[in-house]
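Colleague: One structure follows; several queries about it will come next.
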Amino acid sequence: MERRWRWPAAAGVAACIGLGLMVLVDRGEAGSDAAPSAPATPSAPSIAAPPAAPPQAEQAARRRQLVEQVRLTDHTYCSYLAHSRYPHESRPAGHHPDQLYPNQPLLETNPMRAEGGDSHPEIQLQSAQSRVYLAAGEEGRFSLRALDAGGQPLPLVVTRALAQGMTYGQSRAAPRVAVPFADEGGAWSGTFAPAQTALAGFHGTIRLEVRYQAGGREGFVLFDVIYSPQSPASWSAAPREAIDGGALQFALPLDVRLPGRYVVTGRVDDADGRPFALATFNEVLGQGAQQVLLRVHGKLLHDGAPRLPLLLRDVEGYLLRENLDPDRLLLPRLEGKVFASRTRSLDGVPDTEWQSEERSRYLAEYAKDRAAARARLARVDPQAPLPPADCRADAQGRTDQ
C-alpha cells in the first residue's frame, strides 16, 4: 500500500513526447517557408550535390510526422479519460494484482548462499515468509528446505537462527534473540513473535539470519520484517454499509489514539469469491472515535457488474509518519472475511463517471494538445481525412464529431 495514485503522471510522459514532436514539426514547417538563398560563387569544378527531394516526398514525410503526432496526443487523451473514470480510492482489482492477497506467504527459490559471498547453484534453497510487516502482537512464520539440481529434496539442518534489530549511525545496537526452528518432515520452520522477546520495544527492521547445512555445505539465508511495537489506533465496532456519495461504502469504526494521516486498504470480492475491487482510504483523522470509509464507486459497480452481494476482506492499514524512519505505525490487520454486504441490487447506485477539478484540468490540457495536432495536420493536407480517434466521448460525455 502506498500513497494515492496519480494517473496523470504516466499520461504526462506521453504528452511530453508529443510536445517534442510538435516542436520538431514546427521547425520543419518554418524552415520550408523561409529557406535562405545561397550566395553566388565563381564557377569551379566540384562534386555534384545530391538532387533535392521532390516537394511531394518532403510533404509526405511531414504528413507522416504529423499523423504520428495526432495519434500520440489522441492516445494520451483517451488513455487518461478511460483510466480516470473511477476515483483513486476505488479501483478495479485487476489494476493491482500484487495487492489482492496480502496475507499469502512470500515464496522464493535461490542458489545456496555461503559465507564470503559465494553461492552454490547445485543446491537450491526454497524459503517462505508469512509476512513482511508485523503489527504489535503479531508473529511471523519462516521455513526453508533444500533441493538438488534435479529438484529432489536434500537433507537440511538449521544450526542457528538469530534475530536482531537493524540500527544505524550512533544508535545503540539492538539485542539479538534466538529463534527456535524445528524439522517438519524435510522443511525446517520457525516462528518469531517480537513482543515475546527482548525486541518487544524495537520499532523498525528486524533481520533474522538463519544458518544451515545442506548437501555437505554450510549456507545462510536472511529474512527481514518491519515491526511496529505500538498500535496507533484500534478497530472499535462492527462495520456498516451504506450507499452514499455515488458509491457503496463500508464504514469501519476506529478508535484513534495518535492523530494523523491513516492509509487503509481493503479487498472486495463478488459473491463467487472473485476479486472485484481494491478500496483505499487516505485521510487525516483526529483523536478519538473516527471511521474509515472504504468505497466501491458506482460507475465501477455498473461497469463490472459483479454478482452481489459483495464481501470485504483482508483489511490492513497504518498511520503514516512522513519524513521519519520507519515511516509507519501499523494497525492491527483484519484477516479474511471482514463484512458481507447486504446490498442485493444496484438500484439507487449512480452510474456516473468520477469528476474532480484535477481530472477536468488534465482532460482540458490533453484535449487542447489533441486539437492543436489535428489542426496542424489539416493545414498541411486539408483534403486528407484525419486519423480516427481512439475514444468517442470527452470528459462530459459528449460525442466527438
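The values are calculated or read from the model by the stated rules, or taken from the named source; none is laboratory data. Quick caveat: nothing in here was measured; it's all calculated off a predicted structure. Ideal geometry is used to build each Cβ from the backbone, glycine not excepted, and the neighbour counts take in all protein chains shown. For accessibility, only protein heavy atoms count, side chains too; no ligands or nucleic acids. Shrake-Rupley method; radii C 1.70, N 1.55, O 1.52, S 1.80 Å.
Colleague: For segment 265-327, with equal point scatterers placed on the C-alpha atoms only and solvent neglected, what are the log10 I(q)/I(0) values from the Debye formula at q = 0.15, 0.18 1/Å, to two decimals?
Modeller: Those come out to -0.58, -0.74, one per q.
Colleague: No solvent, one uniform scatterer per C-alpha: report log10 I(q)/I(0) for segment 187-231 via the Debye equation at q = 0.16, 0.24, 0.28 1/Å, two decimals.
Modeller: Here the Debye-derived log intensity ratios amount to -0.54, -0.90, -1.07.
Colleague: For labels at Thr167 and Ala242 in the simple 7 Å Cα→Cβ model, what's the distance in nm?
Modeller: 4.9
Colleague: What percentage of all Cα-Cα pairs in segment 150-218 are separated by more than 18 Å?
Modeller: Values: 1123 of 2346 pairs.
When every Cα pair of segment 150-218 is considered, 48 percent fall beyond 18 Å.
Colleague: Let me ask another. By the gyration tensor of its Cα atoms, with a ≥ b ≥ c the square roots of the eigenvalues, what is the shape of segment 192-283: rounded for a/c under 1.5, prolate for a/b over b/c, or oblate?
Modeller: On the way: a/c = 3.57, a/b = 1.79, b/c = 2.00.
Oblate is the answer for segment 192-283, as a/c is 1.5 or above yet b/c matches or exceeds a/b.
Colleague: Report the gain in length on full extension from Lys368 to Leu107: 0.36 nm times residue separation, minus Cα-Cα distance, nm rounded to one decimal.
Modeller: Contour length minus the Cα-Cα distance gives 89.1 nm.
Colleague: Provide the per residue accessible area, probe 1.4 Å, for segment 100-243, rounded to a whole number of square angstrom.
Modeller: Details: 7580 Å² over 144 residues.
I get 53 Å² per residue for segment 100-243.
Colleague: Select from segment 250-352 those GluC sites (Glu not before Pro) which occupy a DSSP coil region and have at most 16 other Cβ atoms within 10 Å, ordered by residue number.
Modeller: Hits after loop and neighbour filter: Glu322.
Colleague: A follow-up question, please. Taking R0 as 22 Å, what FRET efficiency do you get between Glu115 and Thr197 from their Cβ-Cβ distance, rounded to the nearest 0.05?
Modeller: So the FRET efficiency works out to roughly 0.30.
Colleague: If you take the square roots of the eigenvalues of the alpha-carbon gyration tensor of segment 327-378 and sort them as a ≥ b ≥ c, do you get rounded (a/c under 1.5), prolate (a/b over b/c) or oblate?
Modeller: Because a/c hits 1.5 or more and a/b fails to exceed b/c, segment 327-378 counts as oblate.
Colleague: Let me ask something else. Please label the shape of segment 278-391 as rounded, prolate or oblate, based on the square roots a ≥ b ≥ c of the eigenvalues of the alpha-carbon gyration tensor (a/c under 1.5 means rounded; beyond that, a/b larger than b/c means prolate, else oblate). List each step's numbers first, then the result.
Modeller: On the way: a/c = 3.44, a/b = 1.79, b/c = 1.92.
Verdict is oblate for segment 278-391.
Colleague: How long are the three semi-axes of the equivalent ellipsoid of segment 299-352, in whole Å, if each is the root of 5 times an eigenvalue of the C-alpha gyration tensor, listed from largest down?
Modeller: Over the Cα atoms of segment 299-352, the ellipsoid semi-axes are 33, 16, 8 Å.
Colleague: What distance in nm lies between label points placed 7 Å from Cα along the C-beta direction at Glu209 and Glu322?
Modeller: The answer from the label model is 3.8 nm.
Colleague: ³J(HN,Hα) across segment 195-210 via Karplus (A = 6.51, B = -1.76, C = 1.60, θ = phi - 60°), whole Hz, x for Gly/Pro?
Modeller: In residue order, the calculated couplings are 5, 9, 10, 5, 9, 4, x, 7, 10, x, 7, 10, 9, 9, 9, 10 Hz.
Colleague: A further question follows. Rounded to the nearest 0.05, what FRET efficiency do Arg342 and Glu68 give with R0 = 51 Å and r taken as the Cβ-Cβ distance? Could you check?
Modeller: Working: r = 53 Å, r/R0 = 1.03.
Computed FRET efficiency for Arg342 and Glu68 comes out at 0.45.
Colleague: Just the C-alpha atoms of segment 46-204: what Rg/Rh do they give, with Rh taken as the Kirkwood radius?
Modeller: My calculation puts Rg/Rh at 1.31.
Colleague: Can you give me the long-range amide H partners of Arg321? Hydrogens built in the peptide plane at 1.01 Å from N, cutoff under 5 Å, separation of 5 or more residues or another chain.
Modeller: Arg328, Leu329
Colleague: Moving on to the next point. What's the FRET efficiency of Thr159 with Glu283 using the Cβ-Cβ distance as r and R₀ = 60 Å, to the nearest 0.05?
Modeller: Computed FRET efficiency for Thr159 and Glu283 comes out at 0.80.
Colleague: By what distance, in whole Å, do the Cα atoms of segment 93-149 stretch along each of the three principal axes, largest value first?
Modeller: Between the extreme Cα coordinates on each principal axis of segment 93-149 lie 38, 32, 19 Å.
Colleague: Once you wrap a convex hull around the alpha carbon atoms of segment 71-114, what is its projected area averaged over all directions, in nm²?
Modeller: Computing the convex hull of the Cα atoms and averaging its projections yields 6.5 nm².
Colleague: Would you kindly state how much longer the chain becomes between Ala305 and Asp224 on full extension, computed as 0.36 nm times their sequence separation minus their alpha carbon distance, in nm to one decimal? It would help to have the intermediate numbers written out before the result.
Modeller: Values: separation 81, 0.36 × 81 = 29.16 nm, distance 4.05 nm.
Gain on extension, Ala305 to Asp224, equals 25.1 nm.
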